[in-house]
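The values are calculated or read from the model by the stated rules, or taken from the named source; none is laboratory data. Since the model is a prediction, treat every value here as computed from it, not as a measurement. Here the Cβ positions follow ideal geometry from the backbone for every residue, glycine too, while neighbour counts run over all protein chains shown. Side chains included, ligands, DNA and RNA excluded: accessible areas come from the protein's heavy atoms. Shrake-Rupley method; radii C 1.70, N 1.55, O 1.52, S 1.80 Å.
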Amino acid sequence: MGWLSFSVGLVSLCSMVFTVSGIGANWGTQCNHPLPPDTVVRLLRDNGFQRIKLFDADYDALRALGKSGIEVMVGIPNDMLLTMASSVKAAEKWVAKNVSTHLTTNNVNIKYVAVGNEPFLETYNGSFLKTTFPALQNVQSALIKAGLGTTVKVTVPLNADVYESSTGYPSGGDFRADIHDLMLAIVKFLSDNGAPFTVNIYPFISLYTDENFPVEYAFFDEKATPVTDGGTTYYNMFDANYDTLVWALQKNGFGNLPIIVGEIGWPTDGDRNANIVYAQRFNQGFMTHILGGKGTPMRPGAVDVYLFSLIDEDAKSVQPGNFERHWGIFNYDGSAKYQLNLGATNSGALVAARGVKYLDRKWCVMKPSAKLDDPQVSPSVSYACGLADCTTLGYGTSCGNLDARGNVSYAFNSYYQINNQLDDACKFPNVSMITKNDPSVGSCKFPIMIEPYYGGTERTVGSLQKQDAKSVQPGNFERHWGIFNYDGSAKYQLNLGATNSGALVAARGVKYLDRKWCVMKPSAKLDDPQVSPSVSYACGLADCTTLGYGTSCGNLDARGNVSYAFNSYYQINNQLDDACKFPNVSMITKNDPSVGSCKFPIMIEPYYGGTERTVGSLQKPVILASGLILFLLKIL
């Protein structure tokens with residue numbers, strides 16, 4: 001069978017008796033231009049959402065949720081599990097800052113703390129097996145000490161791959177053999193503390209990964225061939241998957257443990273099966289299914305769910321698939337993607353975000369006079385897609401109808417909009433131009449970006465660590481507030497009165513990429529026509545803020561400046577060979593090009609964890625672009 005390992009859903013009709021205890025949603029924030037938190041909270045209230053699940057404890061989001069009455073699940077990311085597991089004090093500080101303060105000062109209705117996010121995914125290779133349960137215990141102890149043990153509950157959002165079926169049917173359900181004892185310990189702990197089991201179920205992923213998966217079984221129309229398990233018949237994957245968990249719990253003596261579906265949904269773009277029609281069909285079908293209050297054959301009654309997700313996130317990793325950026329029931333700007341009745345509005349439809357402000361009505365497109373075989377086109381598209389979002393381009397996607405010139409224009413515009421329509425973001429050498437004529441074609445919409453949100457609580461008295469991706473609109477200094485460098489090394493002597501040495505203590509266990517750099521070729525000349533646009537590209541997408549009068553690298557000569565720019569782009573792209581292929585003017589070297597106070601950095605190894613559901617790494621821009629380039633430049 002193999003169809004029980006993932007599941008999803010969402011949907012509803014007007015005239016239902018609503019017995020669910022409240023519709024929830026996941027609020028992810030991996031966006032280039034996130035909506036202001038106040039706007040998102042108003043969107044939640046307008047659409048009748050009674051619950052929200054966060055992947056961290058973002059201050060602005062929690063502040064905005066204050067006095068809203070919306071029930072909140074705050075998250076502790078996987079990268080904090082070791083800290084929480086190692087120190088009860090650390091757990092107590094986290095609870096005090098991120099739970100107690102918001103409950104008492106901001107009147108935030110926090111009900112759950114999610115400890116980690118899918119930490120036992122098989123793709124993590126056991127990275128969090130030893131830290132999740134101790135972290136869960138310490139956080140619970142911290143909540144009890146804070147007097148919140150009975151009002152705020154801990155949980156661990158787990159992927160459906162933590163259980164399996166020995167028979168291929170729900171009744172064969174049990175926890176995965178390699179983590180069976182650990183799962184029983186966690187389940188017992190949850191039960192002892194009156195806490196729920198949280199599971200993420202994704203039928204779409206099964207369809208995406210298995211070409212033999214029966215498509216109709218993902219939906220709720222009862223068009224699929226049913227699966228019979230003893231005397232029980234299953235007409236959809238969600239019920240079968242959910243009941244596999246129920247059997248696993250029951251088999252191990254915890255048949256009454258409450259279950260929350262932490263994530264469930266269907267993406268709308270980035271794959272041939274990720275489209276508006278399927279998403280609307282799945283989500284509406286799911287809502288209708290659960291709002292009736294029938295539950296599943298093994299667990300009748302209300303089902304607690306958090307839809308995945310609320311809003312598209314255009315900065316998410318695409319390693320699992322291009323669809324990862326398109327799970328939202330709302331677009332990036334809070335507009336509704338399709339008709340969906342959550343059973344909570346008078347209109348029976350989604351209500352769009354209000355008061356959203358957009359940038360000017362202008363786009364960056366390919367010049368009519370430019371030719372597709374111009375040597376600047378291919379690298380320009382590669383740069384644009386690597387740093388922006390081209391996941392709507394491809395076969396079976398919403399922009400799959402574009403011709404070659406349309407693909408190039410879409411790539412240019414995506415980069416231009418993400419960079420706030422700066423003139424310099426539409427200066428692809430001799431092949432781009434700004435237009436006020438909307439280049440959208442049919443279902444393919446060329447977006448206009450919303451105004452950037454500059455709120456936040458970040459720099460009040462400074463910043464902990466250098467942030468090399470921050471906006472430099474206030475000034476190049478914006479990326480250099482940290483008392484530690486990007487790698488956690490101390491910048492200077494500073495006595496905070498908290499260490500025996502009276503000095504800053506550098507981060508431990510930091511791993512670096514190889515000792516190699518990308519520099520200007522000795523044979524290349526400064527007046528080579530490739531040099532200027534190459535430096536412009538590199539600095540536009542990486543970090544050159546240490547170059548300039550009075551800076552740490554102000555002592556470099558012209559060739560040194562070029563090399564620094566090339567290396568910055570190369571390191572940020574994880575030393576990929578393709579990131580040091582500036583046409584005929586760059587090369588990789590193992591000789592450190594640093595000069596005096598100007599250090600040419602070596603990047604630290606990328607962090608592949610995350611605060612959201614991900615089964616892979618951070619985005620690798622050059623690889624992404626290379627994978628699309630042949631399609632983008634196809635001649636129709």
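Key figures for this structure:
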quantity: Of all residues making up the range 401-443, the number that are assigned to a strand (DSSP E or B) and not β-branched (V, I, T); calculated: 2
quantity: Qualifying positions in the range 572-604 - closer than 26 Å to P529 by Cβ and hydroxyl-bearing (S, T, Y); calculated: S586, T589
quantity: Selection count where residues are in contact (Cβ under 8 Å) with a residue 24 or more places away in the chain and open to solvent by 10 Å² or more (accessible area, probe 1.4 Å), scope the range 544-553; calculated: 6
quantity: Within the range 138-155, tally of residues that are open to solvent by 20 Å² or more (accessible area, probe 1.4 Å), closer than 16 Å to K111 by Cβ and among the polar types (S, T, N, Q); calculated: 2
quantity: Cβ-Cβ under 9 Å pairs, at least 6 apart or on other chains, the range 197-216 side over 16 Å from W327 (Cβ atoms), far side open to solvent by 30 Å² or more (accessible area, probe 1.4 Å) and hydroxyl-bearing (S, T, Y); calculated: F197/S191; T198/Y112; P214/T225; V215/Y278; E216/T225
quantity: Residue match in the range 617-625 (condition: surrounded by fewer than 21 Cβ atoms within 10 Å (Cβ to Cβ) and at pLDDT 50 or above); calculated: no
quantity: Residues located in the range 374-402, provided they are open to solvent by less than 10 Å² (accessible area, probe 1.4 Å) and either under 21 Å from P583 (Cβ atoms) or among the hydrophobic types (A, V, I, L, M, F, W, C) (or both); calculated: V377, S380, V381, A384, C385, G386, A388, C390, L393, C399, L402
quantity: When residues of the range 81-135 are limited to those that are under 17 Å from K53 (Cα atoms) and of a type in the set (G, A, S), the one farthest from the chain's Cα centre (by Cα); calculated: A114
quantity: Residue within the range 511-520 that is modelled with pLDDT under 90 and among the aliphatic types (A, V, I, L, M) present; calculated: no
quantity: Count of the range 565-595 residues which are in a helix (DSSP H, G or I), within 19 Å of S380 (Cα to Cα) and touching a residue at least 40 places away in the same chain (Cβ under 8 Å); calculated: 8
quantity: Residues satisfying the stated conditions in the range 224-251, i.e. touching a residue at least 60 places away in the same chain (Cβ under 8 Å), in a helix (DSSP H, G or I) and polar (S, T, N, Q); calculated: N241, T244
quantity: Among the residues listed as D360, D304, the single one being open to solvent by 30 Å² or more (accessible area, probe 1.4 Å), among the acidic types (D, E), touching a residue at least 24 places away in the same chain (Cβ under 8 Å) and farther than 18 Å from Y416 by Cα; calculated: D304
quantity: Every residue from the range 493-536 that is hydrophobic (A, V, I, L, M, F, W, C), surrounded by 17 or more Cβ atoms within 10 Å (Cβ to Cβ) and under 22 Å from K590 (Cα atoms); calculated: W517, C518, V519, M520, A524, V531, V535
quantity: Selected residue (only one of S369, S309, S317 is open to solvent by less than 10 Å² (accessible area, probe 1.4 Å), of a type in the set (S, T, Y) and part of a loop (DSSP other than H, G, I, E, B)); calculated: S309
quantity: Condition check for D221: within 24 Å of the chain's Cα centre (by Cα) and part of a loop (DSSP other than H, G, I, E, B); calculated: no
quantity: Where S380 falls short, out of the listed (1) closer than 23 Å to S317 by Cα; (2) among the small types (G, A, S); (3) touching a residue at least 60 places away in the same chain (Cβ under 8 Å); calculated: (3)
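Residues are listed down the side, and each one gets a yes or a no for (1) modelled with pLDDT of 95 or more; (2) closer than 30 Å to L387 by Cβ; (3) not in a strand (DSSP E or B):
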| residue | (1), (2), (3) |
| --- | --- |
| G253 | yes, no, yes |
| E263 | yes, yes, no |
| W266 | yes, yes, yes |
| A279 | yes, yes, yes |
| F282 | yes, no, yes |
| G285 | yes, no, yes |
| E313 | yes, yes, yes |
| F323 | yes, yes, yes |
